[in-house]
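Written out below as structure tokens is the structure these notes cover.
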Amino acid sequence: MNEHQSVKQILRKPDWLKVRPPYSNECRSIKSTLNGLQLHTVCQEAACPNMSECFASGTATFLILGNVCTRDCLYCNVEHGKPNTIDQNEINHLIDAVKKMKLEYVVITSVTRDDLPDGGAQVFADCVIRLREEIPTCKIEVLIPDFQGNPAALQKVIEAKPDVINHNMEVVKSMFAKLRPQGNYNVSLELLKNISSSSVVSKSGFMIGFGESREDILQLIDDLASVSCARLTIGQYQQPTLKHWPVAKYYHPDEFAGFREIAYQKGFQYVEAGPLVRSSYHAAKAV
């Protein structure tokens, strides 16, 4: 039994974390579009707290390569296990959705697919290339897994030339091995370093509230700055279910503002930091 499984209840949320349910007409319309095209969004799969706001404004982060992850991070609400085979029509469905939703900025992410030789990198690249062909005015951000540190896999995505390549660190170094046992902190940093040295804008993000110290947070900001990461998001971890890692602390918005200022002082070009911030939140604003 993991130590977090002994916790019997979820820490009560403060007022600044309470958001309205995603029941607007715009939200229903987008959900209908996605369901009709058999598409998944990380908004729904990860129970994102901004789903109402983003769906109501006609935006969504698309989840490719299915909705079953080969990894089992202790904070994540995405289903894990043995993934299904890749849907060969997935890219066509994605393009149809972007056209129907009239999006100008698209974020494409995926579950981690360690079962695939390149981790799904070629599918990411194909999505970018096809979207460029079909909707040339659309800006494209990809949020990629670590590809198990495979530089050739990353190069496939870089050569497809998305506008932004994001890879989330997710948690501080001291808690990485515990919360992300199938990942590697240094591998993720090296991947971001390689992105930063390319012509594509680099981006990363992490959550706080797991029980890390202020020094842990500052170290992660420093580490990301050291690999020339251009954009950064910092958000509050929210425990999805009783089976997930418990929230140790809810950070006040003023504390997030402090971390945002520190990150700007370290040289980041754009920073989003706040209780409800997730990696794709206000992604288009950075443009």
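Helical runs assigned H by DSSP (4 residues or longer) give the chain a calculated mean residue ellipticity at 222 nm of -10500 deg cm²/dmol, each run adding -39500 (n - 2.57) before division by the residue total. Computing FRET efficiency as 1/(1 + (r/R0)^6) for GLN269 and ASN89, where r is the C-beta to C-beta distance and R0 is 35 Å, gives about 0.40. Count the lysine pairs in the range 150-221 whose Cα atoms lie under 23 Å apart, taking only pairs 8 or more positions apart in sequence or on different chains. For the range 150-221, qualifying lysine pairs total 7. Which of the following values of P(r) over Cα pairs in 10 Å bins from 0, in percent was calculated from the structure shown: [x] 5, 21, 21, 13, 13, 15, 9, 1; [y] 6, 29, 38, 22, 3, 0; [z] 6, 24, 31, 25, 12, 2, 0? The value matching this structure is [y]. Distance between the pseudo-spin-label points of ASP126 and ASP254 (7 Å out from Cα toward the beta carbon): 5.2 nm. Each Cα pair of the range 188-287 feeds into the Kirkwood radius, which the Stokes-Einstein equation turns, at 37 °C and 0.692 mPa s, into a diffusion coefficient of 234 µm²/s.
Each residue of the range 65-80 was assigned a 3J(HN,Hα) from its phi angle through the Karplus expression (A = 6.51, B = -1.76, C = 1.60, θ = phi - 60°), giving 6, x, 10, 10, 8, 7, 10, 9, 6, 6, 10, 9, 9, 6, 4, 10 Hz with x at Gly and Pro.
Placing a pseudo-label 7 Å from each Cα along the Cα-to-Cβ vector at GLU133 and ASP72 gives an inter-label distance of 4.0 nm.
Values in this text are rule-based calculations from the coordinates and carry no lab data. It should be emphasised that the depicted structure is a prediction, and the values quoted were computed from it without experimental measurement. No Cβ is skipped: glycine too gets one built from the backbone with ideal geometry, and neighbour counts run over all protein chains shown.
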